[in-house]
Structures are given as structure tokens and as C-alpha cells.
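A.B. asks: Quick one: this structure, given as C-alpha cells, is what I'll be asking you about.
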Amino acid sequence: MSAAAACGASSCIGAASASSSSAGNSYVAAGGGLGIAGRLPSRVLEHVFSYLDLNDLMRCSLVCWHWNNCLADENSEVWRSLCARSLSEEALRSDILCNLPTYKGKLKSYQHALSSHDCSRNVYVKKNGFTLHRNPIAQSTDGARGKIGFSEGRHAWEIWWEGPLGTVAVIGIATKRAAMQCQGYVALLGSDDQSWGWNLVDNNLLHNGEVNGNFPQCNNAPKYQCNGVRPQIGERIRVILDMDDKTLAFERGFEFLGVAFRGLPKACLFPAVSAVYGNTEVTMVYLGKPLDG
């Protein structure tokens, strides 16, 4: 998938309902009749829709208001059925998706998860579809990008570092051109002008091969590692990308740590991670639009 296609795919679920609004308006305004299909009971439509895949459901949501309303319930049998077919039992039973209350939200998160096809050869995505495992390869730094990048809007996702950090552990964003593997143990994200990263081990913000200062600032609360406190295994860090304001920020434990990078380019930017520790695991869960406040 090209970068342009990947960025476009980010609207696969989320923008369908928004697009259907304008489509529905023009359809009704044009005086078009809905026909028999438009008058089918919702329970009948839900039964039919429950056999369709995501792309077909997107198209169905644009047909008419009645069909769109039928698909608007994000916990309906339609989305539950698609979840059961698309996501692994491990993902649905674990707490990976515990912060996503709807089946549609879980599907969207899976759609945005770390890619098994856009990563270093020394890592793989586990069967749950969300967790990256790094093989114990010496003298190598290995990363992965999310399946979908963003060129507009506000987006939030959680990074759950489920193993030791090692000497370098970086979370951030990258363009499609940024490398996802290199020799040695280095901070891969932020090593060029195509990526921006926060090294959780030494607190450095990295871009274009340079350290852009420490993060968060020690005189700002809440303090992260300023007092020698390292992230705990299993701790979740929330990443907030605002492509409207061109900023990247982080949260920990629902405490806003501040903006880490400003002046991001007008480009397609992907969630990304890089690791060096053998057998460490990193989970990414896309949350959607961040809450204000």
C-alpha cells in the first residue's frame, strides 16, 4: 500500500458516516426514491449486513439515511459479527481493547494497528494482531510503522511496552520513507528528517539525528523520568498527533506531559516504534480522536 493510499485508508471506518451525511442529503434533495431496500426493517438489514465485510459496509452506509442509521449503532450485531470474523479471540478476550467500548471502535483500532508488512525483518506481529515481538538479534535496531498514516485531523493511540526497554526504546511517528531497521543499537526513530521520536530510556527528543532536548521538562509537572523513575513493564503511554496544529504530544496515566514536537510537516505521518531488546514486546492500540481537556 502506497503512502497516499494508506493515508486515504484512514477514513475507512471513521469518515463513512460523515460522508454519508452529505451523500444522504444530495440523495433526498434529488428526490430519489429509496425503493423496497430502503423500506426493509432494521432487523432484516442488520441480518444481511452481518455477512458483509468492511468495504461493503462502507458502501452500504452511503446508500440512504435508513441504511446509514442501521449501521450507526457501533455495538450492533453487524459490528459484533465483523469483529468476531476479523479479530482474534485473544485480542477480544484480553484487556488490549479494554478502553474501546464499541465493536466498531475495536475494528478501527485493528485497522490502524502496527503493520506486519511495514517493519524490520527482525520483528513480527503476534496472532492477536496488535503486539509487536522483537526477535533476539544482536547489533540491530528494529522498528515498525502503523498500517495507516495521517495527513489531517487529530488522532490518539496507546503504546504499551510489555518488555524491558533495553538501552534504546523509542516511540513516535515516521513518514513512509523512514528506515525501520539499522545496524547497532541506536535511536532509530529521530535518526533522520523523516521521523520524530521520544527515547524512553534517556528522555531525549530526537529528530534529524539531533537531540531536541529532554522530555518532559523537569520543571513541569507531572515528572516522568526526572527523578529516575523509568516506565514500568505494561505501562501505557498515550500519543496524541494533531495534524491540524502540526504537533505531537504525550500522556501518561491520563496526565498530559506536554507537546514534544511542533511544526510537523504537511505529510502522511505514521505511528512508529523502535526497539533493541531481544524478545521485548510492544502493543499499539489506536483510540481515535483524543478527548479535549
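A.B. asks: Could you check the range 76-100 and list, in sequence order, the residues that are assigned to a loop (DSSP other than H, G, I, E, B) and either within 14 Å of Ala113 (Cβ to Cβ) or under 17 Å from the mean Cα position of the chain (by Cα) (or both)? Give the derivation first.
C.D. replies: From the range 76-100, those assigned to a loop (DSSP other than H, G, I, E, B) are 76, 87-88, 94-100; that's our starting set.
Within the range 76-100, Leu87, Ser88, Ser94, Asp95, Ile96, Leu97, Cys98, Asn99, Leu100 qualify.
A.B. asks: If you scan the range 239-269, which residues turn out to be free of Cβ contacts under 8 Å to residues at least 24 places away in the same chain and buried (at least 18 other Cβ atoms within 10 Å of the Cβ)?
C.D. replies: Across the range 239-269, the qualifying residues are Ala249, Glu251.
A.B. asks: If I filter the range 27-52 down to residues being outside any helix (DSSP H, G or I) and at pLDDT 90 or above, which single residue comes out as least open to solvent (accessible area, probe 1.4 Å)? Don't jump to the end; show me each part of the working.
C.D. replies: Of the residues in the range 27-52, the ones outside any helix (DSSP H, G or I) are 30-36, 40-41, 50-52.
Within this subset, residues satisfying the condition of being at pLDDT 90 or above are 50-52.
Numbers: Ser50: 15, Tyr51: 162, Leu52: 42 Å².
So, considering only residues that are outside any helix (DSSP H, G or I) and at pLDDT 90 or above, the one least open to solvent (accessible area, probe 1.4 Å) is Ser50.
A.B. asks: For the condition exposed (fewer than 15 other Cβ atoms within 10 Å of the Cβ) and without any contact (Cβ under 8 Å) to a residue 60 or more places away in the chain, what is the one hit in Ser86, Ser116?
C.D. replies: The match here is Ser116.
A.B. asks: Those residues that are open to solvent by 30 Å² or more (accessible area, probe 1.4 Å), farther than 22 Å from Val285 by Cβ, outside any helix (DSSP H, G or I) and modelled with pLDDT of 90 or more, I need them from the range 63-75; list them, please.
C.D. replies: Initially, the range 63-75 is screened for residues open to solvent by 30 Å² or more (accessible area, probe 1.4 Å), giving 63, 65-67, 69, 72-75.
Those still in the list that are farther than 22 Å from Val285 by Cβ too: 63, 65-67, 69, 72-73.
Adding the requirement that they be outside any helix (DSSP H, G or I) leaves 63, 72-73.
Answer for the range 63-75, where residues must be open to solvent by 30 Å² or more (accessible area, probe 1.4 Å), farther than 22 Å from Val285 by Cβ, outside any helix (DSSP H, G or I) and modelled with pLDDT of 90 or more: Ala72, Asp73.
A.B. asks: Let me ask something else about it. When the residues of the range 159-175 are narrowed to those that are β-branched (Val, Ile, Thr) and part of a loop (DSSP other than H, G, I, E, B), which ends up nearest to His207 (Cα to Cα)?
C.D. replies: Thr175
A.B. asks: Of the residues Gly166, Gly190, Gly143, which is surrounded by 22 or more Cβ atoms within 10 Å (Cβ to Cβ), in contact (Cβ under 8 Å) with a residue 24 or more places away in the chain and either on the phi > 0 side of the Ramachandran plot or not aliphatic (A, V, I, L, M) (or both)? Before you say what the answer is, go through the steps one by one.
C.D. replies: Values: Gly166 fails: surrounded by 22 or more Cβ atoms within 10 Å (Cβ to Cβ); Gly190 fails: in contact (Cβ under 8 Å) with a residue 24 or more places away in the chain.
Among Gly166, Gly190, Gly143, only Gly143 is surrounded by 22 or more Cβ atoms within 10 Å (Cβ to Cβ), in contact (Cβ under 8 Å) with a residue 24 or more places away in the chain and either on the phi > 0 side of the Ramachandran plot or not aliphatic (A, V, I, L, M) (or both).
A.B. asks: Answer yes if at least one residue in the range 270-288 is under 14 Å from the mean Cα position of the chain (by Cα), crowded, with 17+ Cβ neighbours inside 10 Å and not in a strand (DSSP E or B), and no otherwise.
C.D. replies: no
A.B. asks: Kindly evaluate Arg154 against the criterion of being among the basic types (Lys, Arg), over 15 Å from the mean Cα position of the chain (by Cα) and surrounded by fewer than 22 Cβ atoms within 10 Å (Cβ to Cβ).
C.D. replies: Criteria not met by Arg154.
The values are calculated or read from the model by the stated rules, or taken from the named source; none is laboratory data. All values reported here derive from a predicted model rather than from experimental measurement. So basically every Cβ, Gly included, is an ideal-geometry build from the backbone, and we count neighbours across all protein chains shown. When the accessible area is computed, the model is the full protein with side chains, heavy atoms only, and any ligands, DNA or RNA have been set aside. Shrake-Rupley method; radii C 1.70, N 1.55, O 1.52, S 1.80 Å.
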